[in-house]
Amino acid sequence: KPLHFVTLVGSLRKGSINAAIARTLPELAPEGVTISALGSIGDIPHYNQDVQNQAFPKAVEEMAEQIRHSDGVIIVTPEFNYSIPGVLKNAIDWLSRVAPQPLAGKPVAIQTASPGPIGGARAQYQLRQSLVFLDCFVLNKPEVMIGQSMTKVDSESLQLTDEKTREFLTLQIASLANLARRVKA
Ligand code: FNR
């Protein structure tokens, strides 16, 4: 059975390396897997329970609906100050309040890219921690931490050009597909 995954990007800037990597994922997907992008987390307002009590923002409801209809989520994000970007946490906080909670029981893969040598490793464990509370099935392996990210994405075309990284990402998507099939069964 075919599977569909959605990508969630933790950086808002146009030239984002993480966004560039996320845009490349559809072409790296193995047979039987399709991938599309969720809306920008930049369209989601700051979390405020007073706002939630009135009505969920449209951007949150749409994202929740797309996640619900997917077989899994791939989060592609930079590390900010040894943690995840506030905008990404904000999106997760909103999504966690929607009922039924769209991320509950969802297979999730994490990818981080950073110009530093360890590719955002510290942010991964913080993100994983929040996803535990949301009752996601977070893929354990392979961990995708893309160091020296600026050497792997072409700065002009914003395409992921590094062949080894492309192969590794394909491997992770295939692992997420295995997990998704197990969760479904
Ligand atoms: C960073 N950066 C960064 N990098 C890292 O490896 N560890 C870190 O803790 C931080 N902290 C941090 C904080 C803030 C506020 C900014 C703006 C940046 C660098 C960051 O990884 C780099 O700018 C990435 O290229 C951002 O990702 P995108 O936008 O290219 O996807």
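Each value in this text was obtained by applying a stated rule to the coordinates, not by laboratory testing. Since we're looking at a predicted model, the values are computed, not measured. As a convention, Cβ positions derive from the backbone with ideal geometry for all residues, glycine included, and neighbour counts pool all protein chains shown.
Going through (1) within 13 Å of the ligand (Cβ to nearest atom); (2) in contact with a Lys or Arg (Cβ under 7 Å, 6 or more places away or on another chain) one by one, Pro115 falls short only on (2).
Residues in segment 1-54 that are charged (D, E, K, R) and over 21 Å from Ser149 (Cα atoms): Lys1, Glu31, Asp43, Asp50.
Answer yes or no: is there a residue in segment 170-179 that is touching a residue at least 40 places away in the same chain (Cβ under 8 Å) and touching a Ser or Thr at 6+ places or on another chain (Cβ under 8 Å). No, segment 170-179 contains no residue that is touching a residue at least 40 places away in the same chain (Cβ under 8 Å) and touching a Ser or Thr at 6+ places or on another chain (Cβ under 8 Å). Answer yes if at least one residue in segment 66-82 is closer than 15 Å to Leu12 by Cβ and among the aliphatic types (A, V, I, L, M), and no otherwise. Yes; the residues of segment 66-82 include at least one that is closer than 15 Å to Leu12 by Cβ and among the aliphatic types (A, V, I, L, M).
Scanning segment 24-57 for residues being among the acidic types (Asp, Glu) and either crowded, with 20+ Cβ neighbours inside 10 Å or within 16 Å of the ligand (Cβ to nearest atom) (or both) gives a total of 0.
Checked across segment 72-82, the condition of being away from the ligand (no atom under 16 Å from the Cβ) and not polar (S, T, N, Q) holds for at least one residue. Within segment 121-169, the set of residues being of a type in the set (D, E, K, R), more than 14 Å from the ligand (Cβ to nearest atom) and either closer than 22 Å to Asn81 by Cα or surrounded by 14 or more Cβ atoms within 10 Å (Cβ to Cβ) (or both) comprises Arg128, Glu143, Asp162, Arg166.
Residues of segment 27-50 that are assigned to a helix (DSSP H, G or I) and under 16 Å from Lys1 (Cβ atoms): none at all.
Within 16 Å of the ligand (Cβ to nearest atom) and either without any contact (Cβ under 8 Å) to a residue 12 or more places away in the chain or part of a helix (DSSP H, G or I) (or both), is that true of Ile21? Yes, satisfied.
Residues of segment 57-104 being in a loop (DSSP other than H, G, I, E, B) and of a type outside the set (A, V, I, L, M, F, W, C), which ones? Result: Pro57, His69, Ser70, Asp71, Pro78, Glu79, Asn81, Tyr82, Pro85, Pro100, Gln101, Pro102.
Among the residues of segment 46-91, those identified as aliphatic (A, V, I, L, M) and touching a Gly at 6+ places or on another chain (Cβ under 8 Å) are Ala59, Met63, Ile75, Val76, Ile84, Val87, Leu88.
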